[in-house]
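To keep things clear, I will list the structure first and then write my remarks on it.
The values are calculated or read from the model by the stated rules, or taken from the named source; none is laboratory data. Given the structure is predicted, the values throughout are model-derived calculations rather than measurements. Here the Cβ is made from the backbone with ideal geometry for all residues, glycine too, and neighbour counts use every protein chain on show. These accessible areas exclude ligands, DNA and RNA; they are computed on the full protein's heavy atoms, side chains included. Shrake-Rupley method; radii C 1.70, N 1.55, O 1.52, S 1.80 Å.
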Amino acid sequence: MIIAPSLLAADPCRFGAETLRATRAGADWLHLDIMDGHFVPNVSFGPEVVRRLRPLTKIPFDVHLMCSRPEILLEPFKKAGADTITVHVELGDPVEGLIWKIRSLGMKVGLAVNPPTQVSAALPFLKKIDLLLIMTVNPGFGGQPFIAEMLPKIRQAHDWRKGKGLSYRLEVDGGITQDTALQCASMGADTLVAGTSLFGKRQMRSAVTRMREGAVKAARTA
Ligand code: DX5
Ligand code: ZN
C-alpha cells in the first residue's frame, strides 16, 4: 500500500519543511499537483519548485499534470526529478503520444480519469501504463468531499487488472481520509493520495501509519 501525501495541502511558504515532514512521517511517495489555470480553474506550481524539493528527500515524486498542454512540461519535470508523470485521459488524441514520450524519457506513466469520465476511456491504454488514477473529486482544489459514486470505477479498474493479468497501480486522489481510504482499498485501490487529511495533522506520522494499516486490512477483502 502506497501512501502519497499531496503537497498541495501544505503551506507554500514551507514546501521544503513540509516535504521533510512527509518523509519523516513515513510517506512512500510525494504527490505533486500541477495546475495550469486552463485544464482546471486553479494554478499551483511548476518544475522549478519540484527541482528545489528534489534534493530534500529520496521518496519518489508522483507528478499529476492537470494541464491542457502537458507535452511542453514532460522534459522540464523529468529534469526536475519526477519519477512518475500522470496525464489525463480527457485530453483525447494526444494521450497515446504522451504515454510514449513519458516512457521514452525514462519515467513511469500514469493515466488519470476525472469523475464525469467513464473509466472505459482508459481501456485502450491499460497495457501501456504503470498507474491508473481514479479521481475521487473534480480536480482543481484540495479539501473537497469524496465522491462515493467513484467506488464502482475503482472496482472495475481492479477487475480489469486481475482479468487481464496487468499490474498497474490503482491510485485514488481527492477527499481521501482514514474512512474513505478504507472504502477505496476494499475496492482494490493500492495507492492513496491524501492532502488535507495528512498535512492537516500535527502528528502526520500516526496519520500515515493508521491510513496504511487500515487500508492494508481493507485490501484483504478486495
Ligand atoms: C485535486 C488534486 C489532489 C488534491 C487532493 O485537484 O489532484 O491531489 O491535492 O487533496 P485532498 O486530499 O485535500 O482532497
Ligand atoms: Zn492530484
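Loop-located trypsin sites (Lys or Arg not before Pro) in the stretch 86-188 (DSSP state not H, G, I, E or B) with no more than 15 neighbouring Cβ atoms inside 10 Å: Lys164.
Taking every protein chain into account, the accessible area of the stretch 1-109 amounts to 44 square angstrom per residue (probe 1.4 Å).
Within a straight-line Cα-Cα reach of under 29 Å, Lys164 can be paired with the following lysines, leaving aside sequence neighbours fewer than 8 residues apart in one chain: Lys101, Lys108, Lys127, Lys128, Lys153, Lys217. Summed over the residues of the stretch 150-222 and divided among them, the accessible surface reaches 46 Å² per residue at a probe radius of 1.4 Å. Charging the Cβ of each Asp and Glu at -1 and of each Lys and Arg at +1, and nothing else, the dipole of the stretch 139-222 about its Cα centre rounds to 300 debye. Rounded to 0.05, the FRET efficiency of the Ser120 and Trp100 pair, given R0 = 22 Å and the Cβ-Cβ distance, is 0.55. Its Cα gyration tensor gives the chain an equivalent ellipsoid. The semi-axes, each the square root of 5 times an eigenvalue, are 23, 22, 15 Å from largest down. Stretching the chain fully between Phe141 and Thr221 yields a gain of 25.7 nm (0.36 nm per residue, less the alpha carbon separation). By the helix-only formula, in which each DSSP H run with n ≥ 4 contributes -39500 (n - 2.57) and the sum is divided by residues, the chain has a 222 nm mean residue ellipticity of -10000 deg cm²/dmol.
Dipole magnitude for the stretch 83-222: computed about the Cα centre from +1 point charges on Lys and Arg Cβ and -1 point charges on Asp and Glu Cβ, it is near 520 debye.
Carbon-plus-sulfur accessible fraction, the chain (probe radius 1.4 Å, protein heavy atoms only): 54%.
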